[in-house]
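The values are calculated or read from the model by the stated rules, or taken from the named source; none is laboratory data. Quick caveat, the model's predicted, so the values are computed rather than measured. Because the Cβ atoms are built from the backbone with ideal geometry, glycine has one as well, and the counts that use them run over all protein chains shown.
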């Protein structure tokens, strides 16, 4: 019989559930989180900065800021990912290559990520979700390395198929 504490079981179940959510709906979750984060920042900024000029309409300014900045954040998410990929490419290649060549490859990486953002996001969230799921399962079941790798591969493949079909 398995001897598992309640806290370990609960943690494992929560991790497994969150992992499955990321595996099968990761793109939507990330985009929603980006919208929510940008919206909160925009709403707070608008209510602090713009509200005094609107005669104290703090709630209205906050709602408008939330919607506008949230939508802008979600729309610019691929650009942000492309900029991060380009910066990392440049930083990694600069010591190895000529600065100009590293910069050219960074620009190419920016446009590649920009064009393939949805596919990269689907694969990345499916893979990350499968890792989180496996961490949750391993809270109360001991698995060998080969079964763990098989679970990661299968969940990532199924998650990619599900996310890229929708």
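Exactly one residue among 93, 103 is surrounded by 18 or more Cβ atoms within 10 Å (Cβ to Cβ) and modelled with pLDDT of 90 or more, and that residue is 93.
In summary, residue 164 fulfils each of the numbered conditions (1) under 18 Å from residue 29 (Cβ atoms); (2) modelled with pLDDT of 95 or more with the single exception of condition (2).
When 12, 39 are screened for being under 30 Å from residue 161 (Cβ atoms) and at pLDDT 85 or above, only 12 passes.
Of these, 63, 33, 59, 21, which one is free of Cβ contacts under 8 Å to residues at least 40 places away in the same chain, surrounded by 15 or more Cβ atoms within 10 Å (Cβ to Cβ) and part of a helix (DSSP H, G or I)?
Details: 33 fails: surrounded by 15 or more Cβ atoms within 10 Å (Cβ to Cβ); 59 fails: surrounded by 15 or more Cβ atoms within 10 Å (Cβ to Cβ); 21 fails: free of Cβ contacts under 8 Å to residues at least 40 places away in the same chain.
Answer to the check: 63.
Filtering the range 94-129 to residues that are more than 25 Å from the chain's Cα centre (by Cα) and assigned to a helix (DSSP H, G or I) leaves 99, 100, 101, 102, 103, 104. Here are the criteria: (1) within 21 Å of residue 130 (Cα to Cα); (2) buried (at least 17 other Cβ atoms within 10 Å of the Cβ); (3) free of Cβ contacts under 8 Å to residues at least 60 places away in the same chain. Tell me which single one residue 10 does not satisfy. Tallying (1) within 21 Å of residue 130 (Cα to Cα); (2) buried (at least 17 other Cβ atoms within 10 Å of the Cβ); (3) free of Cβ contacts under 8 Å to residues at least 60 places away in the same chain, residue 10 fails exactly one: (2). When the range 106-132 is filtered for residues that are touching a residue at least 40 places away in the same chain (Cβ under 8 Å) and buried (at least 16 other Cβ atoms within 10 Å of the Cβ), the ones remaining, listed by number, are 117, 121, 122, 124, 125, 126, 128, 129, 130, 131, 132.
What number of residues within the range 133-166 are in a loop (DSSP other than H, G, I, E, B) and either exposed (fewer than 12 other Cβ atoms within 10 Å of the Cβ) or touching a residue at least 60 places away in the same chain (Cβ under 8 Å) (or both)? Break it down into steps so the answer makes sense when it comes.
Residues of the range 133-166 in a loop (DSSP other than H, G, I, E, B): 138-144, 166.
From the residues that got through so far, the ones that are either exposed (fewer than 12 other Cβ atoms within 10 Å of the Cβ) or touching a residue at least 60 places away in the same chain (Cβ under 8 Å) (or both) too are 138-142, 144, 166.
Result for the range 133-166: 7.
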